[in-house]
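The values are calculated or read from the model by the stated rules, or taken from the named source; none is laboratory data. On a predicted model such as this, the values are computed, not experimentally measured, just so you know. With ideal geometry, Cβ positions are generated from the backbone for all residues, glycine too; neighbour counts draw on all protein chains shown. Calculation scope for accessible area: heavy atoms of the full protein, side chains included, ligands and nucleic acids excluded. Shrake-Rupley method; radii C 1.70, N 1.55, O 1.52, S 1.80 Å.
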Amino acid sequence: MARWAVVEAHGQAESSWYCIHSELEGSEAEALAAMLRIVDSFKRAYSAKGIQRQKRQVFRISERSYYVRVKDRWSPAVEAHFTLAELIADTHDDDLPDAAGEPAEEL
């Protein structure tokens with residue numbers, strides 16, 4: 001079964017920082033659906049007044065990459081870039097190669 005990570009990036013250009021928001025197992029469609037739930041809940045206001053004050057914008061960069069910008073009247077914009085990444089190499093997994101350039105073993 002494929003393994004995935006939702007990578008979250010914040011910052012601008014050289015000062016960006018990245019983290020793994022979530023790790024998932026399943027099909028690409030399942031992982032993408034999980035990532036879209038994360039994107040849709042990022043900094044979302046949960047009260048009627050908060051929703052009225054908040055402006056949320058979601059930009060699709062690609063099928064596996066989304067940029068979210070959330071603005072509130074009284075605070076600066078919060079922005080994040082979410083990307084769905086497939087795990088393709090792992091030195092501690094016998095089913096995966098140790099490096100990205102090595103072919104996976106035949107089953």
Crossing angle, helix 28-41 versus the chain [Cα axis fit, 0-90 degrees, rounded to tens]: 20 degrees
Ranked packing of 89-100, 68-79, most packed first, by mean Cβ within 10 Å: 68-79, 89-100
Accessible surface of the chain [probe 1.4 Å, protein heavy atoms]: carbon and sulfur percent: 51 percent
Extended-chain gain in nm, criterion 0.36 nm per residue less alpha-carbon gap, Ser16 and Gln57: 12.8 nm
Region 7-24-region 51-96 distance, computed between alpha-carbon centres (Å): 8 Å
Selected from Glu14, Glu28, Glu86 as most flexible by GNM, with the chain as the system and alpha-carbon contacts under 10 Å: Glu14
Of (i) 16.2, 58; (ii) 17.0, 56; (iii) 13.2, 36, the label for Rg and Dmax of the Cα atoms in Å derived from the coordinates: (ii)
Average accessible area per residue (Å²) across the chain - probe 1.4 Å, nucleic acids and ligands excluded: 72 Å²
